[in-house]
1. Taking only pairs six or more apart or across chains, which ones have beta-carbon atoms under 6 Å, a first residue in segment 45-72 that is without any contact (Cβ under 8 Å) to a residue 40 or more places away in the chain, and a second residue that is assigned to a helix (DSSP H, G or I)?
2. Within segment 248-297, count every residue that is assigned to a helix (DSSP H, G or I), β-branched (Val, Ile, Thr) and within 25 Å of residue 172 (Cβ to Cβ).
3. Note down all Cβ pairs under 9 Å where the first residue falls in segment 1-13 and is within 13 Å of residue 286 (Cβ to Cβ), the second is assigned to a helix (DSSP H, G or I) and small (Gly, Ala, Ser), and they're at least six residues apart or on different chains.
4. Take the residues of segment 256-274 that are closer than 11 Å to residue 223 by Cα, among the charged types (D, E, K, R) and surrounded by fewer than 16 Cβ atoms within 10 Å (Cβ to Cβ): which is farthest from the chain's Cα centre (by Cα)?
5. Please enumerate the residues belonging to segment 276-297 that are more than 19 Å from residue 223 (Cα to Cα) and free of Cβ contacts under 8 Å to residues at least 12 places away in the same chain.
6. Taking the options 152, 129, name whichever one is surrounded by 18 or more Cβ atoms within 10 Å (Cβ to Cβ) and in a helix (DSSP H, G or I).
7. Helices (runs of 4 or more DSSP H) wholly in segment 1-116 with at least 2 residues that are at pLDDT 95 or above and closer than 30 Å to residue 209 by Cβ - which ones?
Amino acid sequence: MNDMNKATLDYYVELIDNKLLELTHSKPELQGQVVEAMEYSLQAGGKRLRPVLMLEFCRMCGERQPEKYAEIACSIELIHTFSLIHDDLPCMDDDDYRRGKPSCHKAFPENIALLAGDALNTLAFEVIANSAMNGVISADKAVMLISVLARAVGTDGMIGGQVIDLKYENKEIDVDTLNILQTCKTGALIEAACVMGVILGDKLEAIPFAADYAQAMGRAFQIVDDILDVTGTFEELGKPIGSDSEQHKNTYVSLIGLDKSEQIAKQLTVQALGHLKYFEDSVFLTELTSDMLTRRS
């Protein structure tokens, strides 16, 4: 990534990190432990990809000050972090590490980790509602954003994807079903981020292009994740390598092999880049999307 685009990414990430700290700074004495667990997971690192996508699509749709919507962008990261906490629980994927640190349920009691995820989920929607109450956005726009985000979380999104994942654990799956699984579990929130940015940028006619970009990019992102689970290191990924295979998870690599997975990831990235041609000044997002294909974490 060139220096200018790297500076843009760093600006977005710092903006999101600071806003996330503001949102969880209050630690009431009696409930303090759950807030600590929320902060622990929010501050465990991460690319902040989804809020960055929201802010950038907002900018590409004509908003000159997308940073004024930073708190709304945080709502997407709150949802993402809630999903990671719950995914790691023993009753789900049972992962002990996340981003190089003990998973939330290993650093805190399991019941507190569960509640921390619940609290992050509800806080996300509170943030959007408060943005309308404080005059940052209209009530109508808040309703649209909440609808998009709620759908990405529910049975048509992450929760539905996790249900499919659990259903086919230790069972054979075909590629079409795996595509549906990952479109729900990974792609839905990425799509929500892009569409929310378009809504905030007041260019609703661009929603289909943002959605098509997100669907292609989300699948490519997941395939690269599957590849890294085979080719990466603990230092790069922050979790044990080969954990998907050990848990008998269905992945693109396990179904179609490493070489074919790499080919499809490249094809999907090209498709995603093609959808960006609709937007003016997509240089930053074009490079960010391309970099996702060659990332090592």
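The values are calculated or read from the model by the stated rules, or taken from the named source; none is laboratory data. Quick caveat: nothing in here was measured; it's all calculated off a predicted structure. We place every Cβ from the backbone using ideal geometry, glycine too, and count neighbours over all the protein chains shown.
1. Every condition considered, the pairs that remain are 48/13; 48/16.
2. So the first thing to find is which residues in segment 248-297 are assigned to a helix (DSSP H, G or I), and the list is 252-256, 258-278, 283-293.
So of that shortlist, the ones also β-branched (Val, Ile, Thr) come out as 253, 256, 264, 269-270, 283, 286, 289.
Narrowing the set further to residues that are within 25 Å of residue 172 (Cβ to Cβ) leaves 253, 256, 264.
Residues flagged as assigned to a helix (DSSP H, G or I), β-branched (Val, Ile, Thr) and within 25 Å of residue 172 (Cβ to Cβ) within segment 248-297 amount to 3.
3. 1/290
4. Per the stated criteria, the residue is 260.
5. 277 - this is the single residue of segment 276-297 that is more than 19 Å from residue 223 (Cα to Cα) and free of Cβ contacts under 8 Å to residues at least 12 places away in the same chain.
6. Values: 129 fails: surrounded by 18 or more Cβ atoms within 10 Å (Cβ to Cβ).
152 is the lone residue from the list that is surrounded by 18 or more Cβ atoms within 10 Å (Cβ to Cβ) and in a helix (DSSP H, G or I).
7. Values: elements: 3-23, 32-42, 49-60, 70-88, 104-107.
The helices (runs of 4 or more DSSP H) meeting that bar are 3-23, 49-60, 70-88.
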